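The values are calculated or read from the model by the stated rules, or taken from the named source; none is laboratory data. From a predicted model like this one, the values you see are computed outputs, not experimental measurements. Cβ atoms come from the backbone with ideal geometry, glycine included; neighbour counts cover every protein chain shown.
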Amino acid sequence: MNLEKIIKNYSPMTETAFYILLSLTEPRHGYGIIKHVEEVTGNRLKLGSGTIYGTLTKMERDGIITMYADEKRKKIYEITEDGKVLMRHEMERLKELHVNVIKYEEDFE
Amino acid sequence: MTINKWRPLWSYRIDETEQWLAEMAQGGLQLTNIQRFSRVFQFEKELPAETTYQIQYDKSAQLPKTLQNNGWQEVVKAKRWQIVKNEQSSVSLFPSRDGVIKRNRFHMYIWSIFAFIGTWQLLMLFALLITSFFIAGERQTTPFWWMGPLVIVLFNTSVISLTIFQYRQVKRLENKYFKTSVDQVKVVGRTFKKWKRTWTYFPKMTEQWLMNMAEQGNRLVKVKGFFFTFEEGPKERASYVCELRWRVAPSYFEMHKEAGWQLKFKSSGGFWTCIIWARSYEEGEKVPRLSYDAVEEKRQSFRAYLMNSTVFILLLALISMNLWLNITKYEIDGGAVQKTMILIFTLSGLVFAWLLIKITYTYFIKERKLY
């Protein structure tokens, strides 16, 4: 899938997809991703292994992530260059969202 | 100078081919190219070297950065195939096997259909030969009458043998690289069996039933077809998940096992796989699920319902067609055989129609309410 299509399909991103990709600042095992998401969200977001599996399979098919295996043949997931571009694009969108939250939050009090 | 080596069926015996490539490199022949259609591997003479080869198959087939940093490099890229090598003395990270297994499994399924037709043809041929030799007492007069049957036998046995070969290779690869086997449970208490014929049609209802059984102290030990074996013991909190999945990848099992799930059952063969997972949890803890997305779960169960009902619809269509043919023939000839056939097809049609209505009713009235 080309980059333009990836951005069109994935952005705006679901919370699950965003946190999965955010976990891949370094290559991780599937269970490592689940634990990392729990850690950064203060246990608010608990991802089931079925959710992780479905999302990772789709991302791998679309070339956003890639995988390899360690000595024990356990799968490790790594973000691709296209995945990094997608994340930067999404982060820019969220930054804009954040700026507007700060700017207008008082009006809703 | 290029040296060509022919290697038929190389893609079905992946790890043997990788080992063969490593031996060639050890003997001073480095792989430079492959001819996909003629199954020819091309080598160039180089200095002997210890090389690890791995073959990948994927739509994108790209080498992850970490693997590149660990010494892996691409040697050949041919459409979706990618052959990579590593010349370091110790290799700790490897390309994934998922793509290759997924592709070979798909080939195995397609060949299974041919093997099924082949077996049927052989049985028909066998029945025909028996009839003509022993029952009818006839003898062939043409000198080369055996040529036709021999070609059919040779062709079909080759197809069946190739399918069995592929099946063994896929199973071997799966067992070697993935934890796809059902988790065995040590049994100490008294066991008993329960029969649940429709469990694959109503996953949520089955899950509820298994969870209730666990709460009453009946732990699921194993599942064989429609038979569930339970062990009597202390009451426990256990979450059960039943899934019907289309072309499940080996990494699916690995992912859930890693997250603490126990594989209780996995149907073998076919594009669809029925799976049962179990996981214990403590009091006060949220009931663990494979997915906490109810919409996705509901969508998945609907897919299972569609698949199950399609089988009945196809059977009904087949029966209706045969019924219609027999009625037409009966109107012309009025034979007793047609009369019996009409009766058999009508009765089986009614049974299947009743089952389809029952499944649809239970699914929409009872099963969907549980999500």
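Restricting region A:27-46 to residues that are within 12 Å of the chain's Cα centre (by Cα) and within 12 Å of another protein chain (Cβ to nearest Cβ), which is nearest to B:ALA294 (Cα to Cα)?
Among those residues, the one meeting the criterion is A:ILE34.
When region A:21-57 is limited to residues that are among the hydrophobic types (A, V, I, L, M, F, W, C) and touching a strand residue (DSSP E or B) at 6+ places or on another chain (Cβ under 9 Å), the one that is nearest to B:TYR252 (Cα to Cα) turns out to be A:LEU56.
Scanning region A:1-18 for residues that are within 12 Å of the chain's Cα centre (by Cα) and assigned to a loop (DSSP other than H, G, I, E, B) turns up A:SER11, A:PRO12, A:MET13, A:THR14. The set of residues from region B:236-257 being at the interface with chain A (Cβ under 9 Å from one of its Cβ atoms) and among the polar types (S, T, N, Q) comprises just one member, B:SER251. Of B:GLN68, B:GLN62, B:GLN82, all but one fail to be in contact with a strand residue (DSSP E or B) (Cβ under 8 Å, 6 or more places away or on another chain), within 14 Å of chain A (Cβ to nearest Cβ) and at pLDDT 90 or above; the exception is B:GLN82.
Here are some residues: B:THR66, B:THR32, B:THR51. Which one is surrounded by 13 or more Cβ atoms within 10 Å (Cβ to Cβ), more than 21 Å from A:ALA69 (Cβ to Cβ) and hydroxyl-bearing (Ser, Thr, Tyr)? Write out each step before concluding.
On the way: B:THR66 fails: more than 21 Å from A:ALA69 (Cβ to Cβ); B:THR51 fails: more than 21 Å from A:ALA69 (Cβ to Cβ).
Only one candidate passes the filter, namely B:THR32.
When region B:229-256 is filtered for residues that are closer than 30 Å to B:LYS102 by Cα and either in a strand (DSSP E or B) or without any contact (Cβ under 8 Å) to a residue 60 or more places away in the chain (or both), the ones remaining, listed by number, are B:SER239, B:TYR240, B:VAL241, B:CYS242, B:GLU243, B:LEU244, B:ARG245, B:TRP246, B:VAL248, B:TYR252, B:MET255, B:HIS256. With the requirement that a residue be surrounded by 14 or more Cβ atoms within 10 Å (Cβ to Cβ) and not aliphatic (A, V, I, L, M), what does region B:304-316 give you? Passing the criteria: B:TYR305, B:ASN308, B:SER309, B:PHE312.
Which count do you get for residues in region B:312-353 that are among the hydrophobic types (A, V, I, L, M, F, W, C) and either free of Cβ contacts under 8 Å to residues at least 12 places away in the same chain or in the same structural domain as B:THR198 (by TED's automatic domain parsing) (or both)?
So the first thing to find is which residues in region B:312-353 are among the hydrophobic types (A, V, I, L, M, F, W, C), and the list is B:312-319, B:321, B:323-325, B:327, B:332, B:336-337, B:341-345, B:347, B:350-353.
Retained after the next criterion (residues that are either free of Cβ contacts under 8 Å to residues at least 12 places away in the same chain or in the same structural domain as B:THR198 (by TED's automatic domain parsing) (or both)): B:314, B:317-318, B:321, B:324-325, B:332, B:336-337, B:343-344, B:347, B:350-351.
So the count comes out to 14.
Of all residues in region A:67-80, how many are facing another protein chain (nearest Cβ under 8 Å) and in contact with a helix residue (DSSP H, G or I) (Cβ under 7 Å, 6 or more places away or on another chain)?
The total comes to 5.
Return a yes/no flag: does region B:249-266 have any residue that is aromatic (Phe, Trp, Tyr) and over 15 Å from the mean Cα position of the chain (by Cα). Checking region B:249-266: at least one residue is aromatic (Phe, Trp, Tyr) and over 15 Å from the mean Cα position of the chain (by Cα).
Given the condition farther than 30 Å from B:LYS176 by Cα and at pLDDT below 90, answer yes or no: does some residue in region A:44-59 qualify? There is at least one residue in region A:44-59 that is farther than 30 Å from B:LYS176 by Cα and at pLDDT below 90. Going residue by residue through region B:262-276, is there one that turns out to be modelled with pLDDT of 90 or more, in a helix (DSSP H, G or I) and either in contact with a Leu (Cβ under 7 Å, 6 or more places away or on another chain) or surrounded by 19 or more Cβ atoms within 10 Å (Cβ to Cβ) (or both)? No; the residues of region B:262-276 include none that is modelled with pLDDT of 90 or more, in a helix (DSSP H, G or I) and either in contact with a Leu (Cβ under 7 Å, 6 or more places away or on another chain) or surrounded by 19 or more Cβ atoms within 10 Å (Cβ to Cβ) (or both).
Identify, from the list B:ALA278, B:ALA294, the residue that is over 23 Å from B:ILE110 (Cα atoms) and away from chain A (no Cβ under 13 Å). Please lay out each step first, then the result.
Values: B:ALA294 fails: away from chain A (no Cβ under 13 Å).
The conditions single out B:ALA278.
Only one entry in A:LEU56, A:LEU21 is part of a helix (DSSP H, G or I) and at the interface with chain B (Cβ under 10 Å from one of its Cβ atoms), namely A:LEU56.
Would you check which residues across region B:188-223 are outside any helix (DSSP H, G or I) and β-branched (Val, Ile, Thr) and list them? Quick ask: steps written out before the conclusion?
Going residue by residue through region B:188-223, those that are outside any helix (DSSP H, G or I) are B:188-202, B:216-223.
Correct list: B:VAL188, B:THR191, B:THR198, B:THR200, B:VAL221, B:VAL223.
Per the listing B:ILE319, B:ILE332, B:ILE342, the residue uniquely out of contact with any strand residue (DSSP E or B) (no Cβ under 8 Å at 6 or more places or on another chain), loosely packed, with under 15 Cβ neighbours inside 10 Å and at negative phi is B:ILE332. Just so you know, in region B:116-134 the residues that are surrounded by 14 or more Cβ atoms within 10 Å (Cβ to Cβ) and among the hydrophobic types (A, V, I, L, M, F, W, C) include one that is farthest from B:SER158 (Cα to Cα), and it is B:LEU125.
Residues that are loosely packed, with under 15 Cβ neighbours inside 10 Å and in contact (Cβ under 8 Å) with a residue 12 or more places away in the chain were ranked within region B:286-297; the one that is nearest to B:PHE202 (Cα to Cα) is B:ALA294. Can you confirm whether A:GLY42 is part of a helix (DSSP H, G or I) and more than 28 Å from B:GLN54 (Cβ to Cβ)? So A:GLY42 fails the test.
Please work out if A:ILE64 is touching a residue at least 40 places away in the same chain (Cβ under 8 Å) and either in contact with a helix residue (DSSP H, G or I) (Cβ under 8 Å, 6 or more places away or on another chain) or surrounded by fewer than 14 Cβ atoms within 10 Å (Cβ to Cβ) (or both).
Details: touching a residue at least 40 places away in the same chain (Cβ under 8 Å): yes; either in contact with a helix residue (DSSP H, G or I) (Cβ under 8 Å, 6 or more places away or on another chain) or surrounded by fewer than 14 Cβ atoms within 10 Å (Cβ to Cβ) (or both): yes.
Here the answer is yes, as A:ILE64 does meet what is asked.
Looking at region B:88-115, which of the residues that are within 14 Å of chain A (Cβ to nearest Cβ) and polar (S, T, N, Q) is nearest to B:SER158 (Cα to Cα)? Among residues in region B:88-115 that are within 14 Å of chain A (Cβ to nearest Cβ) and polar (S, T, N, Q), the one nearest to B:SER158 (Cα to Cα) is B:SER96.
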